[in-house]
Amino acid sequence: MRRMSASLAPRLNFASRRTSAQDGSEVTTTHEFLSEFQVVKLSYFFNKFFDSNHDHVIDLKDLSGLNARLGAVSGWGVTDPKYQTMIDANRVFMECLLDQVKMENRDAEGLEQRSWDEALAPRKMKVTSVSLKAWLNMWGRLCKGSAGIDDFPIWVQLIPEVLFNAIVAKEGTSLITRESLKNFYTNFIGLDENEVEKTSTDGFRIISANGDYEVNLDHYKLLFSNFLLGRTIYGPGKYIFGCFDNRDMDEQYKVIFE
């Protein structure tokens, strides 16, 4: 098998922004840079991956549910050092996410409209949770101008590592297989028996390019970047979770003219 590699030069561009009020605060409204399918995927990522207690915001209280579900996939016990490493990584991600949203709120406050006294006055802003709207705005900004996973902040790059390590743990290998993908789809995503066989078989075929590539960590990071950046249903990244519009399994690719 060949190993997939990529050279991705950072080219972040955060120049374009607008602001809108939400719950008394200002947030950048940049999710218009996302396609409709990106909004679907990232909303799922918010609701089903992070919002464990279903209170419509992401915060530190959601981590215990996320850790437990990943623990069920991996088979790690709560005292396993690998489980503790996962807990630490998820906590770092959450803290960085809150800092990112705090920074975006601060940047959107319209400094050009403030007097010197207002600008120099001490300000306290505490962000303890992230709404879906703020989440989509953040990803709109992060995805705009990004070509791959290396263009995202380091804390974003933690996510595919955490997922990959949990998926391969039960088989004790350094590669994702069809069976480990099926285990993840069953125990984390909750696909039923009728769906999981076909989705794991076809999904693994697509993410491995018909077996031409080993699905190692480097390859999985590329898949995760395609999950974030892929604008249509045609792309291997959507099989990170395997639960989106999968008609391309049986349907010929359609050329999209814009």
Taking first residues from segment 141-166 that are at positive phi and second residues anywhere that are part of a loop (DSSP other than H, G, I, E, B) and basic (Lys, Arg), the pairs with Cβ under 9 Å that are 6 or more apart or on different chains are 145/11
Being at pLDDT below 95 and not in a helix (DSSP H, G or I): is that true of residue 232 here? yes
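Give, as residue ranges, the helices (runs of 4 or more DSSP H) completely inside segment 76-187 that count at least 2 residues that are modelled with pLDDT of 95 or more. Step through it out loud before you land on a result.
Working: elements: 81-107, 116-120, 132-143, 154-169, 178-184.
The helices (runs of 4 or more DSSP H) meeting that bar are 81-107, 132-143, 154-169, 178-184.
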Residue 52 vs (1) polar (S, T, N, Q); (2) farther than 26 Å from residue 137 by Cα; (3) surrounded by 15 or more Cβ atoms within 10 Å (Cβ to Cβ): all pass except (2)
Restricting segment 207-232 to residues that are surrounded by fewer than 19 Cβ atoms within 10 Å (Cβ to Cβ) and among the aliphatic types (A, V, I, L, M), the one farthest from the chain's Cα centre (by Cα) turns out to be 209
I'd like to check something: does segment 34-45 contain any residue that is surrounded by 20 or more Cβ atoms within 10 Å (Cβ to Cβ), more than 20 Å from residue 134 (Cβ to Cβ) and in contact (Cβ under 8 Å) with a residue 24 or more places away in the chain? no
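The values are calculated or read from the model by the stated rules, or taken from the named source; none is laboratory data. What you are looking at is a predicted structure, and each value in this text was computed from that prediction instead of being measured. Cβ: placed from backbone, ideal geometry, glycine included. Neighbour counts: every protein chain shown.
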